[in-house]
Amino acid sequence: MRHVFLDHQSTTPVLPEVFEAMRPYFTEAFGNPSSLHRYGLQVRDALAKARAQFAALIDAESAEDILFTSGGTEAVNLAVKGAAFANQRKGNHIVVSEVEHPAVLNSIEFLEKQGFTSTKVKVDPIGWVDPDDVRAAITDKTILVSLHYANHDIGTIQSVREIGKIASEKAIPFFVDAVASAGWLPIDVQAMGIHLLSFAPHRFYGPKGVGVLYRNRRARVVSIIHGGVQEGGRRAGTENVPAIVGGGLAAEVALREMPRRIAHAAKLQKRLWEGLKAEVPYIKLNGPEPGPKRISTNLNISTEFIEGEGQLLLCDMNGIAVASGSSCVSKSLKISHVLAAIGLEHALAQGNLIMTVGKDNTEDEIDYVIETFARIVQKLRGMSPMWDEFERGIIDSVIAPTGRGKSFTEHASAVSGKPVH
Amino acid sequence: MSDTYTLYNPTVMDHFMNPRNMGDIKDADGVGEVGAAACGDIMKISLKIKEGKIEDARFNTFGCGSAIASSSMATELIKGRTVDEALNFSNQEVVTALGGLPPVKIHCSVLAEEALKAALEDYLKRHPEKVAGQAEGKREEPVTV
């Protein structure tokens, strides 16, 4: 069976040269960077090099602005909670978008139980945050503006530079979650007016187990993990040296290869969407059209009359690894909050699939995915009462309405006896 | 990449990949369509009933792998049962026959039970004479004096 990995938003394989660079730090150069002997000092040098490599990827002023954490989620937690607690004497209000990653939204939910408040700025139907809405949400109590660069679900690129300008004008710390975009979009923290920025090397061919928080020296954060004085006292705990070394090299390669990787991904993204659109009737793209408003790796589609987990499983059975924002896939049985925020009909959110390409996917693989997916849709529609009822004119299509029959949502609430959320 | 890892156990995967009794019955004696308010899945079961026995059962499902497998297994299990037996059908039977479902997916088997019972109700509505005890009329609850 063929194997096509189309879930690069979840993670990526470690580059062979990155793996090789990490190897000595498990066995020979195993020292603790806090130690004062040569074992420690040798490793400290390796961390300094990685800090410089990460700083270069995002155009930070100084390698000293780079803090290491255990992963993207911890970097986000440190940024949001650390900045909130550091500034609580100035105010208690946070401005955030409603389509952030759960690491951001749930950190804020935690802060709200501690007396902080937030305004969740709404998005337009392609998931874009209007900078004017951010400006309008800011109050004299606002101590943090938190916004991602590209959305993890639907790939929308936000107007970070404009929002950075607004935050600077008001002298409010600006945190950008770049976990879904670092390595795949050029980032210049200085030009973009970013004070805090999180990312994770495993999204660009580095290892898991390390996250990075960029902290501009003007931004204050208090530590949320307490212990020793590693990372300038801002993040206690022995650094994951092999992962940091590997992540640093992955960042260096990502910076060097970025134009080529973006061009390659964009070509495959376009081919995939054009192909799916041509082969599968009643299919819809969620988020912006491929182009400057969308990250080049991501496609988020809804296929009508069938459910997403079934699509995912049949893709997997055909060697194709994908993700889905359908409620059946989530442990909470809720559709992705991003799909809800863009106002996607429940029936379309149920039929959701997320495909994310990487540097090693080929055009041949994309063609295999298009052809296989068309067969999968046919098989699942053959089983679906919705497809049958659509063909008989009982319910109508949301994507291409025929004017016959009632809406899927009306039908679903009628048979379930409750309004569908 | 290894081919041995699947989201569900082999029985569930088999019923998802090769569903039994898929489709509609022409001139069905009872049809039930139900939706899960929790997740939005929809399941439809149609029955052919002869001399009080379920002769054929078919399904259509809009839902996840375990919902499809549950409807496939439920229709397999109830074929050949009498209407009275089928009215006592429980989702637990589907779960057991499938070799278990993840806790978050148990509601899929409940949906199969509900679809089956909706189809049986539809049948009984069309054939009121088959309702047990219907001939004497509905008895009042015994009143304690």
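Laboratory data are not the source of any read-out in this text; all were calculated from the coordinates shown. The model shown is predicted, which means the values in this text are computed figures rather than measured ones. Positions of Cβ are generated from backbone atoms using ideal geometry, with glycine treated the same way; all protein chains shown enter the neighbour counts.
For this structure, a couple of remarks:
- Pairs of Cα atoms nearer than 8 Å and 6+ residues apart set the relative contact order; for segment A:314-407 it is 20 percent.
- At an R0 of 41 angstrom, the distance between the Cβ atoms of A:Ile225 and A:Glu289 translates into a FRET efficiency of 0.50.
- Projecting label points 7 angstrom from Cα along Cα→Cβ for B:Asp27 and A:Lys406 puts them 3.0 nm apart.
- FRET efficiency estimate (nearest 0.05) - Cβ-Cβ, A:Gln378 to A:Gln42, R0 60 angstrom: 0.50
- Residue by residue along A:407-416, Cβ atoms of other protein chains within 10 Å of the local Cβ number 4 on average.
- Helix axis angle, B:65-78 relative to chain B longest principal axis, alpha carbon, degrees: 40
- Projected label points at A:Lys331 and B:Asn9, each 7 Å from Cα along the beta carbon direction, are separated by 2.1 nanometres.
- Test item: B:55-66 mean partner chain Cβ contacts at 10 Å: 6
- Selection from A:Ile126, B:His127, A:Val369, by position along the positive dipole direction of the protein assembly as shown (Cβ): A:Ile126
- Rounded if a/c under 1.5, otherwise prolate or oblate - segment A:324-421, Cα gyration tensor axes: oblate
- At R0 = 41 Å, FRET efficiency that the Cβ-Cβ distance of A:Gln190 and A:Ala414 yields, to 0.05: 0.15
- The overall shape of the protein assembly as shown is prolate: from the C-alpha gyration tensor, with semi-axes ordered a ≥ b ≥ c, the ratio a/c is 1.5 or greater and a/b exceeds b/c.
- Once you reduce segment B:4-47 and segment A:205-239 to the center of their Cα atoms, the two points are 50 Å from each other.
- Kyte-Doolittle at least 0.0, axis length at least 30 Å by Cα - qualifying DSSP helices, chain A: A:38-58, A:241-279
- Mean per-residue shielding of peptide B:105-117 is 1, counting Cβ atoms of other chains within 10 Å of each Cβ.
- When +1 charges are put on Lys and Arg Cβ atoms and -1 charges on Asp and Glu Cβ atoms, the dipole computed for segment B:10-127 relative to its Cα centre reaches about 120 debye.
- Per DSSP, loop GluC sites (Glu not before Pro) in segment A:1-98 with at most 12 further Cβ within 10 Å: A:Glu28, A:Glu61
- In segment A:259-416, the inverse of the mean reciprocal separation of distinct Cα atoms equals 16.1 Å; this is its Kirkwood hydrodynamic radius.
- Paramagnetic reach from A:Met1 (point 7 Å along Cα→Cβ, amide N under 15 Å) across segment A:294-320: A:310-320
- Packing-based ranking, highest mean first, of A:298-309, A:157-168, A:342-353, B:48-59 given that Cβ atoms within 10 Å are counted: A:298-309, A:342-353, A:157-168, B:48-59
- Ratio Rg/Rh, restricted to segment A:16-255 and using Cα atoms, in which Rh is the Kirkwood radius: 0.98
- Relative contact order, percent, chain A [alpha-carbon distance under 8 Å, six or more residues apart]: 20
- Distance between modelled label sites at A:Ala236 and B:Glu76, nm, 7 Å Cα→Cβ extension: 5.6
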